[in-house]
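Right, one structure below, let's go through it.
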Amino acid sequence: MTQKKSFIDVVNHYIESDTITLPVFNATASRVQQEIARKEPDIRIIERVITADQSLSSQVLKTANSAFYRGLSEISTIRNAITRLGTKEIQKIVLLATTSNTFRCKDKLINLVIKRLWQHSVGCAYGAVWICKRRDYNIEQSEAFFGGLFHDVGKLFILMVIEHIKQRNKQVQITP
């Protein structure tokens, strides 16, 4: 007779076995983060890194021209977007654009939950920045943003475990 495992035991098994790994932080976003963290960030390097990624470039331009940020004229270059928005805002946009793809899965129901988790995480990230601006907690706004964005990473892991279990159960053929 087999003993049933609790869900916590199943999750612990996945943690210990390294069967599921969380998505790796995007290299482009990491490079932008490193440059912006310097005392004197080089806008040319930030521009070059963003421009090398077509998808990221289009997302930055789309955001810079959005109703929220739009100026008197449309922006058509990454350099102008950096100038209009500033490096701190570019840092947030790059982080959001490169990590949003990690919050997806094949299962429609789980994907819906992951989408809501992503929306909640983005809201928490901006909320953390808002709190940092109003209180002196001696925390960089970019660190607060990053912390708010990834504060529920454990939930993402659990959803990935559930998806993996569902996929595994679909593969098991039950014969009469």
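Miscellaneous remarks
- Selection count where residues are in contact with an Asp or Glu (Cβ under 8 Å, 6 or more places away or on another chain) and under 18 Å from Phe150 (Cα atoms), scope the stretch 29-47: 0
- Qualifying positions in the stretch 12-37 - of a type in the set (Gly, Ala, Ser) and exposed (fewer than 14 other Cβ atoms within 10 Å of the Cβ): Ser17, Ala27, Ala37
- Test result for Arg104, at pLDDT 90 or above, open to solvent by 80 Å² or more (accessible area, probe 1.4 Å) and of a type in the set (D, E, K, R): no
- The stretch 103-158, residues that are within 21 Å of Ile93 (Cβ to Cβ), without any contact (Cβ under 8 Å) to a residue 60 or more places away in the chain and small (Gly, Ala, Ser): Ser121, Gly123, Ala125, Gly127, Ala128, Ala144, Gly147, Gly148
- Taking the conditions (1) closer than 30 Å to Ile46 by Cα; (2) open to solvent by less than 60 Å² (accessible area, probe 1.4 Å) in turn, Ile110 satisfies each one other than (1).
- Considering residues of the stretch 17-40 that are in contact (Cβ under 8 Å) with a residue 60 or more places away in the chain and in a loop (DSSP other than H, G, I, E, B) only, the residue nearest to Val94 (Cα to Cα): Asn26
- Candidates Ser58, Ser121: the one that is modelled with pLDDT of 90 or more and touching a His at 6+ places or on another chain (Cβ under 8 Å) is Ser121.
- Positions within the stretch 41-76 being buried (at least 17 other Cβ atoms within 10 Å of the Cβ), part of a helix (DSSP H, G or I) and among the charged types (D, E, K, R), in sequence order: Glu47
One line per residue, one yes/no per condition, for (1) over 16 Å from the mean Cα position of the chain (by Cα); (2) polar (S, T, N, Q):
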{"position": "Ile15", "(1), (2)": "yes, no"}
{"position": "Ile20", "(1), (2)": "yes, no"}
{"position": "Arg31", "(1), (2)": "no, no"}
{"position": "Glu40", "(1), (2)": "yes, no"}
{"position": "Glu47", "(1), (2)": "yes, no"}
{"position": "Ser55", "(1), (2)": "no, yes"}
{"position": "Glu74", "(1), (2)": "yes, no"}
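The values are calculated or read from the model by the stated rules, or taken from the named source; none is laboratory data. No experiment lies behind these values; they were computed from the predicted model shown. Here the Cβ is made from the backbone with ideal geometry for all residues, glycine too, and neighbour counts use every protein chain on show. With ligands, DNA and RNA removed, areas are computed over all heavy atoms of the protein, side chains included. Shrake-Rupley method; radii C 1.70, N 1.55, O 1.52, S 1.80 Å.
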